[in-house]
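Asks: For reference, the structure I am asking about is given below.
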Amino acid sequence: MKDSSADAHLRERGAQQELNRLGRILGIDFGSRRIGISISDPLQIIAQSLETIPNNRLAFERITSIAARDPVDVIVVGMPFNLKGEKGQKAEEVERFIKQLENKTSIQVIRWDERFTTSLAHDSLLRMGTRKKERRGDKGRVDAMAAAIMLQSYLDSRKRSLSC
C-alpha cells in the first residue's frame, strides 16, 4: 500500500517536531584558571569549540546562561583520569566543580574521559598551521578546542552504541 502525500507530510512534520525537541550537548574542559566550552550541533552529531571562560566566581553564571541560550539537554564534563584510568588529584577538583554545577542547574551532568584532549588540541593547532607564538599566547583557544575534542568523543560513542 502506498503512502499518501498527506501521510508523508505528517511523518515529516512529526520528525521535524522531534528534531525541535532535541537539545544540544554542552562540553566542559575544566581547568584551574580557564574553562573550555564546546557545544554540539542541534542534531547532536558534531561538536564545535564555543569559548573559554575564566574560572572565577562568575563561571557558573556564564555556563548556565549558555545552557539557557542554546537549549541544552546534557552537560559533559571532562574527567582527567591518569594513564591507568584512575582518578588523581586533579579529578577531585573536577568532582567539586561538578557538584557545584549540579547544584546550580537541573541539567544532567555526565563525566567523560578527557585524557590526551589537550595534547590533541595542541597537535590540531600545529597541523592547522598556527604559529608557535599564537599557540602560546592564546591558551584559551586550546582549552575550547580540547572541550570540543572531548565532546566529539562522547558524541561518537553514542553513535556507535546506537548502531549496535
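Since every read-out is calculated from the coordinates, none of them should be taken as a lab result. All values reported here derive from a predicted model rather than from experimental measurement. Virtual Cβ from ideal backbone geometry, glycine too; neighbours counted across all protein chains shown.
Asks: For labels at Ser65 and Asp113 in the simple 7 Å Cα→Cβ model, what's the distance in nm?
Replies: The two pseudo-label positions are separated by 3.6 nm.
Asks: Let me ask another. Once both labels are modelled 7 Å past Cα along the beta-carbon direction, what's the Gln48-Lys159 spacing in nm?
Replies: With each label point 7 Å from Cα toward Cβ, the separation is 1.7 nm.
Asks: Roughly speaking, what is the stretch gain from Asp41 to Leu83, that is 0.36 nm per residue apart minus the C-alpha to C-alpha distance, in nm to one decimal? Let's see the in-between values first.
Replies: Numbers: separation 42, 0.36 × 42 = 15.12 nm, distance 3.06 nm.
Extra length available between Asp41 and Leu83 comes to 12.1 nm.
Asks: If I model a spin label as a point 7 Å beyond the Cα along the Cα-Cβ vector, how far apart are those points for Gln100 and Asn55 in nm?
Replies: That separation, rounded to one decimal, is 1.0 nm.
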